[in-house]
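Read through the structure below, which is laid out as structure tokens, and then see the notes.
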Amino acid sequence: MKKILLMHGANLNLLSRRAPEHYGSLTLMELEQLTARELARHHCAMVAYQSNHEGCLIDTLQTEAAQCAGLIINPGAFSHGSYALYDAILDSQLPTIEVHLSNLSQREAWRQHSVISPACVGVISGKKEHGYLEAVQTLLAYLNTQ
Ligand code: DQA
């Protein structure tokens with residue numbers, strides 16, 4: 001059974017209490033469950049991890065990559081500046097989908113650039129929790145072509 005790694009970066013542990021107009025109303029656990037259910041529908045397992053610390057995300061990615069077939073990641077604000085996370089994704093060699101709940105193209109200028117995106121096979125932004133379902137479908141379609 002394929003296993004997919006779902007990672008969340010800084011401040012996403014506060015989902016449901018953070019700007020619902022941008023991020024929706026689901027908690028992180030609800031978002032993880034939604035994603036796990038969609039993966040299960042496609043006979044895939046999931047391992048989920050969230051951290052507010054860049055190094056912890058990198059350590060976990062390095063540890064989990066060998067057991068996983070792909071990565072879905074919402075790096076939070078690390079998207080806009082973490083070259084270390086970018087390198088870690090590249091080094092993992094995992095096909096990666098970057099997801100953002102909010103529509104970055106309609107927000108502050110500094111949010112409109114992600115340093116992570118070039119390491120990813122797909123980027124989904126602005127679809128709130130539906131973006132995670134799309135990320136599963138996009139990632140599994142990509143894996144099926146490999
Ligand atoms: C976010 C967008 C980021 O700019 C922000 O720092 C987040 C959440 C999103 O899901 O829309 O923490 O990644």
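Tabulated values for the structure
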read-out: Output for region 73-90, where each listed residue is crowded, with 20+ Cβ neighbours inside 10 Å, more than 10 Å from the ligand (Cβ to nearest atom), part of a helix (DSSP H, G or I) and hydroxyl-bearing (Ser, Thr, Tyr); value: TYR86
read-out: Selection within region 128-138 - near the ligand (Cβ under 10 Å from one of its atoms) and assigned to a loop (DSSP other than H, G, I, E, B); value: LYS128
read-out: Some residue of region 30-48 being assigned to a strand (DSSP E or B) and not small (Gly, Ala, Ser); value: yes
read-out: Number of positions in region 91-126 that are within 10 Å of the ligand (Cβ to nearest atom), open to solvent by less than 10 Å² (accessible area, probe 1.4 Å) and among the hydroxyl-bearing types (Ser, Thr, Tyr); value: 1
read-out: Test for GLY70: is it surrounded by 14 or more Cβ atoms within 10 Å (Cβ to Cβ), modelled with pLDDT of 95 or more and over 17 Å from VAL115 (Cα atoms); value: yes
read-out: Residue check, ASN52 in contact with a Gly (Cβ under 6 Å, 6 or more places away or on another chain) and either modelled with pLDDT of 95 or more or away from the ligand (no atom under 14 Å from the Cβ) (or both); value: no
read-out: Close pairs (7 angstrom Cβ cut-off, 6 or more residues apart or separate chains): of a type in the set (Asp, Glu) in region 47-68, not in a loop (DSSP other than H, G, I, E, B) anywhere; value: GLU54/PHE78; GLU54/ALA84; GLU54/LEU85; GLU64/LEU5; GLU64/VAL47
read-out: Candidate set: region 30-49, residues that are surrounded by fewer than 17 Cβ atoms within 10 Å (Cβ to Cβ) and aliphatic (A, V, I, L, M); chosen: the one nearest to the ligand (Cβ to nearest atom); value: LEU34
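The values are calculated or read from the model by the stated rules, or taken from the named source; none is laboratory data. This one's a predicted model, so the numbers in the text were calculated from it and none came from an experiment. Ideal geometry is used to build each Cβ from the backbone, glycine not excepted, and the neighbour counts take in all protein chains shown. Only protein heavy atoms, including side chains, enter the accessible area calculation; ligands, DNA and RNA are left aside. Shrake-Rupley method; radii C 1.70, N 1.55, O 1.52, S 1.80 Å.
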